[in-house]
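Everything below concerns the one structure shown next.
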Amino acid sequence: MATETAPKPTLFVRNATGLVRELTPFDAFNLVFSAVLVPIGFMDVMAFAPQFWPRANLFVSFLLAAPLVTCFGLVYLYFTVLMPRSGGDYVWVSRTLHPFLGFVANVGLTYVFLTWVAFNFALIPKVLMPALGYVAGISGKWINDPGNLEIFLIITGLTVVYALLAIRGVRVMARFMAISFLIVWIGVFVLAIGLAVASHAGFIHTWNTSAKTLSYAGIMSKAHSLGFSTAGGISWGATIYAMVYAFNVYTGFQWTGYFAGEIKNVRRTATTSILGAMVASVIGYCVLALVIYKFFGFKFFGSLVFLGFGSGASHVTLPFAPYIPQLVKFLPVGQVVRIWLVLTFILTVIWWTPAGFLLGTRNAFAWSFDRLAPEKLTEVSDRWHTPVVATVFIACVIELLNVLNIYSNLGAWLLSIIWVLGLGFVIASFAAMILPWHKPELHAQAPAWARKTILGVPAITLIAAVSLAAWAFCIWAAFSTGFGGSFSFKPMIESAAVPLIAVVWYVGMAIHRRSQGISLSRVFTEIPPE
């Protein structure tokens with residue numbers, strides 16, 4: 001009798017991903033523009049930056065950061081055109097530097113991005129619902145002061161809803177996000193126009209008559225007496241340091257590469273979505289910073305933040321948290337419009353979350369497709385063309401982060417997120433720097449702008465060097481200036497645990513696959529099939 005031999009394992013899990021290129025150019029733009037999360041990112045920056053750099057002009061910070069972050073975006077555009085596959089920098093770095101670096105860096109970045117999903121879910125009950133209660137003049141425990149149980153139930157419900165939405169496929173997600181985009185940006189335009197046309201003198205009068213706290217002049221005087229100073233003109237040193245906030249909130253516009261395997265006409269669409277989202281983001285952040293300073297006043301706004309969130313908070317009790325949604329109460333528009341503007345901030349979280357789910361599921365799918373994760377994660381629904389198991393897995397990860405955020409104060413560990421994020425982007429930038437020499441045959445397929453040389457050096461190498469330096473500066477500033485929080489044992493162990501787990505997992509999978517007769521070194525010599 002002839003003995004049967006086991007079939008030789010194939011290089012990849014399958015010869016095709018099973019994903020379908022269904023995303024239009026607008027869908028791709030909307031996904032990455034939503035990830036920048038302009039209203040929420042702006043709210044966060046305006047609430048925290050003045051605490052560390054009182055004399056920093058954030059309009060200038062956003063403007064100065066724009067060309068540096070654009071270089072970073074061009075790195076991701078370069079790679080997306082060369083390797084348009086799901087998984088983004090995981091695929092790129094693993095094929096240009098080493099699969100170990102690609103996997104560990106991408107796991108770290110995925111952790112950061114999914115943490116953003118959990119953070120923003122928690123923002124709704126912790127910050128935005130109290131803002132709605134303050135502006136609308138309504139009260140109730142679930143709105144004004146939800147406890148941990150109420151917060152847990154709200155964000156768990158959101159996690160389940162978005163998991164179900166993600167399972168239905170990218171076309172359903174894209175339609176949902178298109179409607180959300182329209183509603184959110186009508187609200188943002190109304191907010192910007194309202195702040196631009198309203199007078200600063202009118203705000204002072206409204207504040208003094210209705211704020212139920214210190215007067216306009218009293219806010220600045222009290223902050224000054226407690227050590228907050230906005231004396232003199234703009235501080236260029238502080239403004240440059242404050243760019244690190246801009247680096248962080250601009251991030252997301254380059255995400256097209258993570259789901260490039262599902263985009264139509266990817267070469268053209270990647271260019272329009274990444275660069276289009278970058279331009280729109282710069283305009284959004286800069287315009288909002290200008291009108292905030294114009295309406296509230298530069299010195300007053302910084303003083304108010306200092307008394308609400310900074311060192312002055314231990315000496316003064318304000319009747320509200322001075323986030324932008326709460327300050328909508330002083331805008332000279334009708335009450336219905338004020339409520340709608342606060343709802344715009346809530347809807348911003350609703351708008352962007354599908355992008356976070358899509359990124360997480362496609363990265364997990366890419367790991368699995370290369371045999372670095374269980375093969376079940378690559379199973380694609382014939383009906384919805386989406387990796388259902390990977391989606392459920394990512395939803396479980398987000399739920400774990402939800403619990404950590406509520407009960408372990410994950411949101412206070414900003415420093416741990418910044419260094420993991422920055423390190424991943426440094427590695428991706430370095431990969432782009434050396435690729436023209438390391439893989440010249442691949443670089444030859446790059447767009448013309450990337451192949452141009454300046455004094456014999458490819459343009460992409462110079463661009464990637466700027467990107468690398470910008471993110472290295474961000475990491476350094478986080479550790480040395482205190483803006484990212486205190487350097488303490490618990491948050492650093494927590495954040496280091498994620499890449500350390502990825503290291504152990506990679507080594508274990510390499511040994512396991514070798515025992516199955518599969519050489520991972522061969523897998524990573526080829527770009528995954530579509």
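The values are calculated or read from the model by the stated rules, or taken from the named source; none is laboratory data. Every value quoted in this text rests on a predicted model; they were computed, and no experiment measured them. As a convention, Cβ positions derive from the backbone with ideal geometry for all residues, glycine included, and neighbour counts pool all protein chains shown.
For residues that are in contact (Cβ under 8 Å) with a residue 12 or more places away in the chain and among the basic types (Lys, Arg), tally how many sit in the stretch 158-188. Within the stretch 158-188, residues that are in contact (Cβ under 8 Å) with a residue 12 or more places away in the chain and among the basic types (Lys, Arg) number 2. The condition (being at pLDDT below 95 and either in contact with a strand residue (DSSP E or B) (Cβ under 6 Å, 6 or more places away or on another chain) or not in a loop (DSSP other than H, G, I, E, B) (or both)) is satisfied by just one residue among LEU358, LEU343: LEU358. The set of residues in the stretch 361-385 being assigned to a helix (DSSP H, G or I) and small (Gly, Ala, Ser) consists of ALA364, ALA366, SER368. Looking only at the stretch 262-283, residues that are of a type in the set (D, E, K, R) and touching a helix residue (DSSP H, G or I) at 6+ places or on another chain (Cβ under 7 Å) come to 2 in all. Among the residues of the stretch 455-473, those identified as among the hydrophobic types (A, V, I, L, M, F, W, C) and either touching a helix residue (DSSP H, G or I) at 6+ places or on another chain (Cβ under 7 Å) or surrounded by 17 or more Cβ atoms within 10 Å (Cβ to Cβ) (or both) are ALA459, ILE460, ILE463, ALA464, ALA465, VAL466, LEU468, ALA470, TRP471, ALA472, PHE473. Entry remark, the stretch 330-347: residues being closer than 14 Å to MET129 by Cα and out of contact with any Leu (no Cβ under 9 Å at 6 or more places or on another chain) number 2 in total. Filtered by the rule that a residue be over 10 Å from LEU304 (Cβ atoms), part of a helix (DSSP H, G or I) and touching a residue at least 40 places away in the same chain (Cβ under 8 Å), the stretch 210-221 gives a lone residue, SER210. Scanning the stretch 322-340 for residues that are in contact (Cβ under 8 Å) with a residue 12 or more places away in the chain and part of a loop (DSSP other than H, G, I, E, B), we see that the one that is surrounded by the most Cβ atoms within 10 Å (Cβ to Cβ) is TYR323. Each residue in the stretch 125-157 was checked for being under 27 Å from TRP207 (Cβ atoms) and touching a residue at least 24 places away in the same chain (Cβ under 8 Å), and 10 of them qualify.
Applying the condition of being under 12 Å from ALA122 (Cα atoms) and within 22 Å of the chain's Cα centre (by Cα) to the stretch 153-188 and asking which residue is surrounded by the most Cβ atoms within 10 Å (Cβ to Cβ) yields ILE155. Looking for something outside any helix (DSSP H, G or I), within 18 Å of ALA47 (Cα to Cα) and either modelled with pLDDT under 90 or out of contact with any strand residue (DSSP E or B) (no Cβ under 7 Å at 6 or more places or on another chain) (or both) - is there at least one such residue anywhere in the stretch 241-263? Checking the stretch 241-263: at least one residue is outside any helix (DSSP H, G or I), within 18 Å of ALA47 (Cα to Cα) and either modelled with pLDDT under 90 or out of contact with any strand residue (DSSP E or B) (no Cβ under 7 Å at 6 or more places or on another chain) (or both).
Within the stretch 495-521, residues that are exposed (fewer than 13 other Cβ atoms within 10 Å of the Cβ) sit with their Cβ atoms under 8 Å from residues that are at pLDDT below 85 and outside any helix (DSSP H, G or I), at 6+ positions apart or across chains, in these pairs: GLN516/PRO9; GLY517/LYS8; GLY517/PRO9. Selection of the stretch 126-170 for residues being among the basic types (Lys, Arg) and over 15 Å from PHE320 (Cα atoms) yields LYS141, ARG168. Would you check if PHE62 is closer than 22 Å to ALA450 by Cα and modelled with pLDDT of 85 or more? When the stated conditions are applied, PHE62 does not pass them. Across the stretch 118-150, the qualifying residues are those that are assigned to a helix (DSSP H, G or I) and of a type in the set (D, E, K, R), and the one among them that is farthest from the chain's Cα centre (by Cα) is LYS141. Within the stretch 309-321, being touching a residue at least 60 places away in the same chain (Cβ under 8 Å) and not β-branched (Val, Ile, Thr) holds for PHE309, GLY310, SER311, GLY312, HIS315, LEU318, PRO319, PHE320, ALA321. Among the residues of the stretch 316-325, the one identified as under 12 Å from PHE296 (Cβ atoms) and either of a type in the set (Ser, Thr, Tyr) or at pLDDT 95 or above (or both) is ILE324. Among the conditions (1) surrounded by fewer than 22 Cβ atoms within 10 Å (Cβ to Cβ); (2) not β-branched (Val, Ile, Thr); (3) not in a helix (DSSP H, G or I), LYS294 misses just one, which is (3). Checking each residue in the stretch 67-77 for being hydrophobic (A, V, I, L, M, F, W, C) and surrounded by fewer than 19 Cβ atoms within 10 Å (Cβ to Cβ) picks out no residue at all.
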